[in-house]
Amino acid sequence: MYKLSICMMVKDEEKNLERCLNSLKPLLENNIAELIIIDTGSKDNTIEIAKRYTDKIYIHLWNNNFSNMRNISISYAKGEWILIIDADERLDNTDELIKLLINEKLKDFNTISLIVKNLYYEDNENKFSSLLSPRIFRNDGSFKYEGAVHNQPMCKRPNLSANISITHFGYVLTDKVLIRKKFQRTSSLLIEQLQENPNNLYYIYQLAVTYNMYGKDDKALEEFRKLYSKLRNNKKDFLYALAAYAKTAFNMEQYYEAIEVAKDVIKYRKDYIDMYYLLGMINVKIGNKEDGLKYFKEYLELITNYDNLEIAKDTKLISYFIDDQSISNASFELATYYIENGEVEQCKKYLNFIIDKYELCNINVKYLIAEKNYKSLVEYYNNLKDNNLKEYFAFSVEKILQNINKTDAYDIFYNLSNVNDEYGLLNKLRISNENKNTTIDNIIEKVDFKNCFTFYYDVFQYIDDFDKIIHYFKKMDIDDIRKIFKYLVNEHYNFNGKFEQYLINSNIRNNDIEGNKVYIAIAYEFIIDRIENYEKYYNVFQLYIDRGINYIKQIYQTDKARILYKNLSNNEDKLFILSFIANNYIEKGSFDLAVKYFKEALKCNGNLLSYMNLHMKSIFIDISKE
């Protein structure tokens, strides 16, 4: 006689089944367990995969009743115990289960509950909700399931809670067709049941959860509100539903609603750890930081003692926020608060719990700078292997530098100037004029201005010759030039005058494609910023149009301009081409056609309307004078 009968119910599970069955192999190979699979009508390779693991495969077509199908699978079981597992699950502690099955103490129990981890993301097993679920049952002939939709095991006590886990991948399905099928099947069954019994609170809850799983949180919230309105004196019996309601309200940014429900739950269960996490997150988001931190502290105190809490043994209650990521989130908020309030020692308590590498980097930077431990700051940076993380380190430092005195800022620059990369060069430039031009050239050569943080744009403020800035701009594309221009005029006021003089006085050859490109890139941002004084800066707009026409002449076949402009997605190039066409018709004396194309040009950019209207008036006033 087998110690265990593993009973499964499957349909079209070829993407999941092998992962599940591989996790069960030690049980099968040691002849501790038999594997029973009921197929309810698979059309893929599910049965072929199953045959590699067992010959006990039975076909029973789906009859819209989950419990009935479960009970059919149980009817084939010959083992002393029955394990229920699904294809989208994986048994994690097979060796521990084997030890448990041969333990003499097991004779005192009739049901064994396992920890089910519901993953949120396929590539991150640190983020999950947790539920203690009865999964192993004594096969004494009385065990069965009830409930057409969400089947419930009718099992005997006493119940043993085992430290054995099952990982559930069903919430992270990437097959959208399969997800939709499962949603439509489950939701339609639930809606059908609710039409017969609209006050069935459990089915209302399950419908809300089904909407959650399909990403319809708005519909889920409607069902949770409906359920909440029907709960009067029996809230205590539906704490699992209220917890899901609070989580959904939080996800939908209905923060005060979530607070009300979460506090309702805590009234009945002081150890419902999830509610403290939610209340912490919500209060931080709405600006009640002190309250948020109080809840986070209570949350972390509870979680350090989680295995001894009553909630850890409660098979009705799902814990959504006991995973490493949630602990990390709470620790990060607490560490950030303490470091920003100068309580460095308090901050240290939470550093080891932060798993997000960017958040940890941010806190470590703040911590080391608060301690003025600049030598360790440099060592920390040099030990980072990930270039994206190094960039984030630099970003974190630069944020702190915005609110620090000049002496401390200089010390940070000085120490980080020893770093052997573009960030080290930038800090070297900040503290020394030695080999300045060479350093500037090296920074501009190494930095990817398309993807870098904006503080690297500071390199341009150290360039004494404005023509050299234009020289560097010629090597960039229009979008990058505009980003750098906006940064420089906003962060370094002296650049406003320099760029204005350049736009008014620069001489650029008609066929200088790079020169015209730089001019139109800067001119556009300049005239948009001065739209209220458009008459004063109309001359710059005229040059913008003229040099834009010169630019498109170099990159397009303008002899086909009337066909070309209709197929352009770049509205700025379209504006220049339409202006080019209109000018040609003016030269030919075809003023009606010129007006037609100018009107087309007006549609290209509504931000330039004032300039364009003045431009048309100016042109036709000049024509009328002639």
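Bear in mind these aren't lab numbers, they're just calculated from the coordinates by the rules spelled out. The structure presented is a predicted model; accordingly, all values stated were derived computationally and were not measured. We place every Cβ from the backbone using ideal geometry, glycine too, and count neighbours over all the protein chains shown.
The alpha carbon centroids of the range 408-448 and the range 103-172 are separated by 59 Å. A straight line joining the Cα centroids of the range 53-86 and the range 299-365 runs 41 Å. Extension gain, Glu491-Lys357: 0.36 nm per intervening residue step, less the Cα-Cα distance, totals 45.2 nm.
Protection proxy ranking of 537-544, 363-370, by the mean of other Cβ atoms within 10 Å over each peptide's residues and highest first, is 363-370, 537-544.
Helix 387-401 and the long axis of the chain differ in direction by around 70°, with both axes built from C-alpha atoms.
Figure the gain on full extension for Asp324 and Asn388 (residue separation times 0.36 nm, minus the Cα-Cα span) and round it to one decimal in nm. Before the final figure, lay out each step's value.
Values: separation 64, 0.36 × 64 = 23.04 nm, distance 2.28 nm.
Extending this stretch completely gives an extra 20.8 nm.
Between Lys43 and Glu290, the modelled label-to-label distance comes to 6.3 nm, taking each label 7 Å out from Cα in the direction of the beta carbon. Of all DSSP bridge pairs formed entirely within the range 4-172, close to 50 percent run antiparallel. Placing pseudo-labels 7 Å out from each Cα toward the beta carbon at Asp441 and Lys375 gives an inter-label distance of 3.6 nm.
Sparse packing (at most 11 other Cβ atoms within 10 Å of the Cβ) combined with a DSSP loop state is found for the following trypsin sites (Lys or Arg not before Pro) in the range 530-585: Lys536.
Exposure proxy shown here: for Cys604, Cys7, the number of other Cβ atoms within 10 Å sets the order, fewest to most, as Cys604, Cys7.
List the GluC sites (Glu not before Pro) within the range 390-444 that DSSP assigns to loop and that have no more than 14 neighbouring Cβ atoms inside 10 Å. Show your work: numbers first, answer last.
On the way: sites: Glu391, Glu398, Glu422, Glu434; in loops: Glu434.
Loop-located and lightly packed - Glu434.
Our summary gives the range 176-332 a relative contact order of 15 percent, counting only alpha carbon pairs under 8 angstrom and 6 or more residues apart.
Using the charge dipole of the range 4-172 (Lys, Arg: +1 at Cβ; Asp, Glu: -1 at Cβ; taken about the Cα centre), state which of Gln152, Asn64, Asn124 has its Cα farthest towards the positive end. My answer, from the dipole projection, is Gln152.
At 0.36 nm per residue, and after removing the present C-alpha to C-alpha distance, how many nm does the segment from Ile463 to Glu587 gain when stretched out fully? Working shown, then result.
Details: separation 124, 0.36 × 124 = 44.64 nm, distance 4.36 nm.
Taking Ile463 through Glu587 to full extension adds about 40.3 nm, to one decimal.
For the pair the range 371-399 / the range 209-283, the C-alpha centres are spaced 40 Å from each other. Relative contact order, whole percent, for the chain stands at 7, derived from Cα pairs under 8 Å and 6 or more residues apart. Can you find, among Val365, Trp81, Leu608, the residue farthest towards the positive end of the dipole of the chain? Put +1 on the C-beta of Lys and Arg, -1 on that of Asp and Glu. Of Val365, Trp81, Leu608, it is Trp81. To the nearest ten degrees, helix 273-285 and the longest principal axis of the Cα atoms of the chain are 10 degrees apart.
Distances between placed amide hydrogens fall under 5 Å for Asn139 paired with Trp81, Ile82, all partners being 5 or more residues away or on another chain.
Using Cα pairs under 8 angstrom and six or more residues apart, how large is the relative contact order of the range 496-562, in percent? Write out the running numbers ahead of the final one.
Numbers: 43 pairs, mean separation 25.6, N = 67.
With pairs under 8 Å counted, the relative contact order is 38 percent.
For the range 176-332, build the charge dipole from Cβ charges (+1 Lys, Arg; -1 Asp, Glu) around the Cα centre, then report which of Ala312, Leu221, Tyr256 sits farthest towards its positive end. Farthest along the dipole direction, towards plus: Leu221.
Here the chain carries DSSP beta bridges of which approximately 50% are antiparallel, counting only pairs with both residues inside.
For the chain, a simple Cβ point-charge model (Lys and Arg +1, Asp and Glu -1, everything else neutral) yields a dipole of about 1380 debye relative to the Cα centre.
Between Lys406 and Tyr538, how high is the FRET efficiency from 1/(1 + (r/R0)^6) when r is the Cβ-Cβ distance and R₀ = 35 Å? Nearest 0.05. So the FRET efficiency works out to roughly 0.25.
In this simple spin-label approximation, Lys263 and Asn607 carry label points 7 Å from Cα along the Cα→Cβ vector, and these lie 4.6 nm apart. Across the range 1-105, counting alpha-carbon atoms alone, Rg and Dmax equal 13.3, 44 Å. Helix 17-29 axis versus longest C-alpha principal axis of the chain: approximately 40°, rounded to the nearest ten.
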